[in-house]
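First up is the structure itself, then whatever we jot down about it.
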Amino acid sequence: TNIPEILPSGITKYEALGKELDYKKIVPRCVEVRGFKVKVSKIPVPVLYGPAFEGERVRKENLYVEFGGKKSTGFEFLKYSAMDTLEDGKIEVIGPDIDSIKEQSLPLGIVVTLGSRNANKDFEPIIERQIHRYINEAQGVMHLGQRDIIWVRVSQEAFKKGFRLKHFGTILHAQIHQEYSAIVDKVQITIYSDQKEVENVLEEARKAYKERDERISGMTDESVDDFYSCALCQSFAPNHICVITPERLGLCGAYSWLDAKANFQISPAGANQPIQKGPILDDRLGQWKSVNDFVHEKSNKSVEKISMYSLLESPQTSCGCFECIVALIPEANGFMVVNRDYTGETPLGMTFTTLAGSVGGGVQAPGFLGVGRYYLTSRKFILADGGLQRIVWMPKSLKQFLGDKLYERAKEVGFPDLPDQIADETIATE
């Protein structure tokens, strides 16, 4: 077999035994390739690619097309499947491509299916969360969010250079093999841009999201010796560092304590690092000396301390991928919560987008906090500030999303009808 025919187009090198070799000089022909995995040294996309572009924004005046956000449905989902059902490197686009549309907004579903001889479902959310970073490294492409609240933009320049939907798959195939070759043998990608198809596959994805979230139930912050950090979003917010505990998932909503622990096992030098708890400084606020020291160091010495259980006193910083924003309403002596999907006005007189501009970016803003949706049902949710019973307003869609979990938590704190007493936009927005 001629080697160029079995490698992705445009690849001129492979890695073996820790050395980068030029196969054109060494083996112009061979019968079998065994004992090593192909790694892509240059990703065949029509735009520049690399970490330098990870924090790039695509502004409205330079926008060619966008997916998800507040204008259309968007999600990303990664799963394992049987090896014999997959074709490594296969990229399929179901629906219109961006060169055949006139509108600036399209639905988008990115489904990545992995094959491995040692498949472990615990690794699914870990690799799935890397999609954010991988896509962001393409020049002229912006990616925010995760799971079913993604927002992706492609610039006019990227489109003119030839960037199309299939290139999302090209990037993901190359990067997953590059970074997870030890646990991944095959990568197949399907890109959906047809609304009906997107909605059909989204049902499967949401079922998987829910199963992942339920794995952590029953664990407490007191039952573990280590918390975990997450620095995945530092390209957008250089001074931001997430601290993930069993009772406080990452503010993106996609990483639980178990996910962060598993990712550390896969990539010991990666974005998730253990933080040994050590002695506690303030059990009401949730402050540990070791956590403060870690955050101070990893935030470029911009944040001296954080409270895990408060948004009024030294709250955690927020990046830009949070699912919800919790904010103080002084006139009501309580807090409101607004989720990313809600586009209307809030009692603070600001929409989610306006609030996000002040809360995100890695700043420490007392009275404001970016959180994952399920953190609202945690026993540690702003515990130092009164907890769930201090919430006085949230959108109806967020109540419906939390569903029975919200009522169960309300019953635990002694107010079983609390969700019905929390106002939403059908009651008031001021």
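The values are calculated or read from the model by the stated rules, or taken from the named source; none is laboratory data. This structure is a prediction, so every number in the text was calculated from the model and none was measured. Here Cβ is always computed from backbone atoms with ideal geometry, including for glycine, and neighbour counts include all displayed protein chains. Note: areas computed on protein heavy atoms with side chains; ligands, DNA, RNA excluded. Shrake-Rupley method; radii C 1.70, N 1.55, O 1.52, S 1.80 Å.
Which one is surrounded by the most Cβ atoms within 10 Å (Cβ to Cβ), of the residues in segment 193-216 that are among the acidic types (Asp, Glu) and touching a residue at least 60 places away in the same chain (Cβ under 8 Å)?
Taking the candidates together, the pick is 213.
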Which of (1) closer than 24 Å to residue 252 by Cβ; (2) of a type in the set (Lys, Arg); (3) free of Cβ contacts under 8 Å to residues at least 12 places away in the same chain does residue 390 not meet, given it meets every other one? (3)
Can you find, within segment 153-166, the residue that is nearest to residue 398 (Cα to Cα) among those that are out of contact with any helix residue (DSSP H, G or I) (no Cβ under 7 Å at 6 or more places or on another chain) and surrounded by 23 or more Cβ atoms within 10 Å (Cβ to Cβ)? 153
Restricting the search to segment 83-101, which residues are closer than 14 Å to residue 64 by Cβ and either among the aliphatic types (A, V, I, L, M) or loosely packed, with under 12 Cβ neighbours inside 10 Å (or both)? 98, 100, 101
Determine if segment 234-243 includes at least one residue that is surrounded by fewer than 24 Cβ atoms within 10 Å (Cβ to Cβ), of a type in the set (Phe, Trp, Tyr) and touching a Leu at 6+ places or on another chain (Cβ under 9 Å). yes
Scan segment 378-398 for residues that are of a type outside the set (A, V, I, L, M, F, W, C), in a helix (DSSP H, G or I) and either over 21 Å from residue 283 (Cα atoms) or open to solvent by 20 Å² or more (accessible area, probe 1.4 Å) (or both) and jot them down. 389, 390, 396, 397
In the set 256, 181, 267, the lone residue that is closer than 29 Å to residue 86 by Cβ, open to solvent by 10 Å² or more (accessible area, probe 1.4 Å), within 15 Å of the chain's Cα centre (by Cα) and in contact (Cβ under 8 Å) with a residue 40 or more places away in the chain is 256
When you scan segment 96-104, do you find a residue that is in a loop (DSSP other than H, G, I, E, B), among the β-branched types (Val, Ile, Thr) and at pLDDT below 90, even just one? yes
Within segment 171-247, strands (runs of 3 or more DSSP E) holding 1 or more residues that are in contact with a strand residue (DSSP E or B) (Cβ under 6 Å, 6 or more places away or on another chain) and more than 30 Å from residue 97 (Cα to Cα): 226-230, 242-244
When the residues of segment 404-430 are narrowed to those that are buried (at least 19 other Cβ atoms within 10 Å of the Cβ) and hydrophobic (A, V, I, L, M, F, W, C), which ends up nearest to the chain's Cα centre (by Cα)? 406
Mind telling me which of the residues 319, 324 ends up being out of contact with any Phe, Trp or Tyr (no Cβ under 7 Å at 6 or more places or on another chain) and buried (at least 20 other Cβ atoms within 10 Å of the Cβ)? 324
Among (1) at pLDDT below 95; (2) open to solvent by 10 Å² or more (accessible area, probe 1.4 Å); (3) polar (S, T, N, Q), which single condition is residue 190 missing? (1)
State whether one or more residues within segment 152-167 are part of a loop (DSSP other than H, G, I, E, B), touching a strand residue (DSSP E or B) at 6+ places or on another chain (Cβ under 7 Å) and at pLDDT 95 or above. yes
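Farther than 27 Å from residue 281 by Cβ, open to solvent by 70 Å² or more (accessible area, probe 1.4 Å) and assigned to a helix (DSSP H, G or I), is that true of residue 401? Outline the logic, then answer.
Numbers: farther than 27 Å from residue 281 by Cβ: yes; open to solvent by 70 Å² or more (accessible area, probe 1.4 Å): yes; assigned to a helix (DSSP H, G or I): yes.
Considered against the rule, which asks whether it is farther than 27 Å from residue 281 by Cβ, open to solvent by 70 Å² or more (accessible area, probe 1.4 Å) and assigned to a helix (DSSP H, G or I), residue 401 comes out as yes.
On the basis of being surrounded by fewer than 16 Cβ atoms within 10 Å (Cβ to Cβ), of a type in the set (Gly, Ala, Ser) and assigned to a helix (DSSP H, G or I), does residue 349 make the cut?
no
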I'd like the full set of residues that are part of a helix (DSSP H, G or I), out of contact with any strand residue (DSSP E or B) (no Cβ under 9 Å at 6 or more places or on another chain) and closer than 16 Å to residue 230 by Cβ, limited to segment 294-323. 297
Among residues of segment 366-377, those that are open to solvent by 20 Å² or more (accessible area, probe 1.4 Å) and part of a loop (DSSP other than H, G, I, E, B), counted: 1
Taking the residues in segment 270-281 that are open to solvent by 50 Å² or more (accessible area, probe 1.4 Å) and part of a strand (DSSP E or B) as candidates, determine which candidate is nearest to residue 240 (Cα to Cα). 276
Exactly one of 111, 93 is at pLDDT 95 or above and either assigned to a helix (DSSP H, G or I) or more than 27 Å from residue 211 (Cα to Cα) (or both), and that one is 93
